[in-house]
1. Restrict the check to the range 443-457 and report whether at least one residue is of a type in the set (S, T, N, Q) and loosely packed, with under 13 Cβ neighbours inside 10 Å.
2. From the list LEU483, LEU487, LEU460, pick out the single residue that is under 30 Å from ASN119 (Cα atoms) and either in the same structural domain as LEU252 (by the TED database) or in a helix (DSSP H, G or I) (or both).
3. Six or more apart or on different chains, Cβ atoms under 6 Å: show the pairs whose first residue is in the range 487-498 and surrounded by 14 or more Cβ atoms within 10 Å (Cβ to Cβ) and whose second is among the polar types (S, T, N, Q) and part of a helix (DSSP H, G or I).
4. Tell me which residues, restricted to the range 284-304, are buried (at least 16 other Cβ atoms within 10 Å of the Cβ) and either in a strand (DSSP E or B) or among the hydroxyl-bearing types (Ser, Thr, Tyr) (or both).
5. Residues of the range 242-274 being among the small types (Gly, Ala, Ser) and either in contact with a Gly (Cβ under 6 Å, 6 or more places away or on another chain) or under 19 Å from VAL294 (Cβ atoms) (or both), which ones?
6. What pairs can you find where one residue is in the range 73-91 and touching a residue at least 60 places away in the same chain (Cβ under 8 Å), the other is not in a helix (DSSP H, G or I), and their Cβ atoms are less than 7 Å apart, with a gap of 6+ or different chains?
7. Return the only residue of GLY234, GLY247, GLY273 being of a type in the set (Gly, Ala, Ser), surrounded by fewer than 22 Cβ atoms within 10 Å (Cβ to Cβ), within 17 Å of LEU117 (Cα to Cα) and at pLDDT below 95.
8. When you go through LEU364, LEU329 one by one, which is the residue that is in contact with a Gly (Cβ under 7 Å, 6 or more places away or on another chain) and either buried (at least 18 other Cβ atoms within 10 Å of the Cβ) or under 16 Å from GLU288 (Cβ atoms) (or both)?
Amino acid sequence: MAFVPRGNKIQNAEETTHTITSLNDNMDRNAKDDSQRKPETFRSFVEDTSMHGARFLFGNNIFRRGFWTVLLVLSSGYCIFQIYASVQFYYQRPFNIKITKIMPKRETSLPFPAVTLCNLNLFNLRRYRRYQIGKNLTTETIEGKRYAIAKLLARSEDVFNNETKKEHLELFWRFYGEVPEVFFLNLFSHEIEEMLLPRTIFNSCLYDETACGPENFTQFISSTYGRCYTFNSGKDGHPVLNATMAGQLNGLRLLLNIEIESYLENPLNPFAGLTVLIHDQNTFPFMEQFGFVVQPGVRTLCSIKRKKIQNLEHPYATNCIKNGKLEKLESIKNSYSKPGCLMECLGKFVIAKCGCRPVEYRDLQVPLCAPNDTVLCLFPTYRKYGKSTFKDKCEESCREPCQHTEYETSLSYAGLHRNVFADKLSSRVNLTKNFSLYEQFLSFSDREKKEYIEENIISLDIFFHDMSYDEIEQTKAYEAWTLLANLGGTFGLFLGASMITILEILEFIMRKIWSNICN
């Protein structure tokens with residue numbers, strides 16, 4: 001019986017020993033937890049991070065540690081350089097030019113462009129003489145006035161004495177409001193009705209093998225060329241014509257007479273022919289800048305190619321304007337273009353310098369420049385504008401449109417069969433409405449008739465080269481997602497890092513900051 005209590009004592013000792021051991025284990029575990037709750041060191045972070053090679057920075061081998069330190073420093077430096085270069089390239093906003101050839105479906109047509117013609121002769125002597133004869137002036141007086149106008153166009157200041165001002169009041173008239181019929185350029189410029197060869201003899205205007213005529217042209221006035229005429233303008237009730245096929249037979253064909261015997265002698269412009277411009281209906285015809293010249297005595301074939309251009313908006317270099325408008329240009333549907341914007345700037349500059357406006361500029365509160373203003377102030381001011389700081393400011397403020405249409409032209413030539421033209425005119429010209437224009441032609445010898453054809457007659461064909469057109473589009477060359485992809489590739493190649501690695505680094509930094517704040 002005494003043995004049992006002894007056994008109980010042994011059992012209690014074993015339990016006590018087990019309890020002590022458990023307490024020691026708990027103390028060790030708590031001590032370990034306490035050590036884990038201490039702020040993480042850079043060494044422990046490097047040993048645990050997913051960045052390649054970082055764990056070797058605190059190795060026992062000094063040579064290995066030095067090698068990896070140098071390698072990581074160099075890789076990090078080059079990585080930073082590549083990141084800087086990529087970000088800098090992104091903010092340069094580069095773009096590519098994408099050219100797509102659009103092939104319309106067989107049943108699809110293309111809008112035919114507007115075609116604007118200007119005679120190189122600003123002043124029609126025949127019309128001027130007829131106008132002055134209607135005022136019962138003598139031939140001597142008329143020729144005196146003609147001589148004064150010739151000197152005016154030659155920009156001679158001799159014509160602007162007091163005596164001349166009294167005799168030639170029309171050279172000094174300024175008009176307010178719309179351009180009146182009695183305006184100098186309206187009165188004495190060439191008319192499309194007389195420029196087209198007689199329809200009773202020739203098919204002088206054909207579009208897609210269908211007859212057309214003066215009624216298909218609209219007029220606008222140029223300070224340089226006087227009255228100009230636009231076929232297929234899409235204005236004044238004229239719907240825009242479409243082309244269904246390419247080639248000469250499906251375009252515009254014109255036979256024109258420049259009437260060189262009505263040219264005024266002008267030493268500053270001793271040329272004969274027409275200025276022609278192919279343009280979109282919504283674009284102002286800048287004849288001096290973009291027109292090409294057609295000479296008499298030849299057949300000119302002009303094949304055209306349509307181009308649709310799309311530019312990028314801010315922040316790209318083109319910084320195009322999407323919904324710009326032009327308020328001050330005549331004969332335009334307020335469609336924006338950079339040349340149009342520059343023309344408006346030029347008009348403001350002229351008004352400030354001359355006190356009058358060029359005929360292309362629409363501001364009914366400012367008078368039109370009279371002929372003497374045009375010669376003495378307008379043209380010299382144009383030259384001053386080119387060298388002025390005002391022009392530089394205009395260049396900065398006038399941006400490219402985000403979308404516009406252009407036409408590329410290609411010219412080829414052929415001779416005229418002068419005998420055919422001479423014979424037709426000789427046989428039937430007396431049946432035409434403009435008989436007086438060709439009355440003298442009937443008295444010419446055969447040689448003189450051929451010379452007349454050589455010096456006056458122009459054949460002009462305008463047609464699509466093919467029905468396809470080019471769409472030229474600016475596209476972003478380096479977008480934000482491309483930048484991110486390049487940054488990821490740079491980190492991965494030089495540091496073996498990924499987005500997860502970057503998050504690890506950010507987490508470590510935030511934990512260190514939080515630890516410092518708490519302490």
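1. Yes, some residue in the range 443-457 is of a type in the set (S, T, N, Q) and loosely packed, with under 13 Cβ neighbours inside 10 Å.
2. Values: LEU483 fails: under 30 Å from ASN119 (Cα atoms); LEU487 fails: under 30 Å from ASN119 (Cα atoms).
Sole residue among the options that is under 30 Å from ASN119 (Cα atoms) and either in the same structural domain as LEU252 (by the TED database) or in a helix (DSSP H, G or I) (or both): LEU460.
3. THR490/GLN82; PHE494/SER75; LEU495/SER75
4. VAL294, VAL298, ARG299, THR300, LEU301, CYS302, SER303, ILE304
5. Once the filter is applied, which keeps residues that are among the small types (Gly, Ala, Ser) and either in contact with a Gly (Cβ under 6 Å, 6 or more places away or on another chain) or under 19 Å from VAL294 (Cβ atoms) (or both), the range 242-274 yields GLY251, SER262, ALA272, GLY273.
6. Note: pairs meeting the criteria are PHE89/TYR478; TYR90/TYR478.
7. Values: GLY247 fails: within 17 Å of LEU117 (Cα to Cα); GLY273 fails: at pLDDT below 95.
After applying the criteria, what remains is GLY234.
8. Details: LEU364 fails: either buried (at least 18 other Cβ atoms within 10 Å of the Cβ) or under 16 Å from GLU288 (Cβ atoms) (or both).
So the residue among LEU364, LEU329 that is in contact with a Gly (Cβ under 7 Å, 6 or more places away or on another chain) and either buried (at least 18 other Cβ atoms within 10 Å of the Cβ) or under 16 Å from GLU288 (Cβ atoms) (or both) is LEU329.
The values are calculated or read from the model by the stated rules, or taken from the named source; none is laboratory data. Just so you know, these numbers come straight off a predicted model, no measurement behind them. Note that each Cβ is placed from the backbone with ideal geometry, even for glycine, and that neighbours are counted across all protein chains shown.
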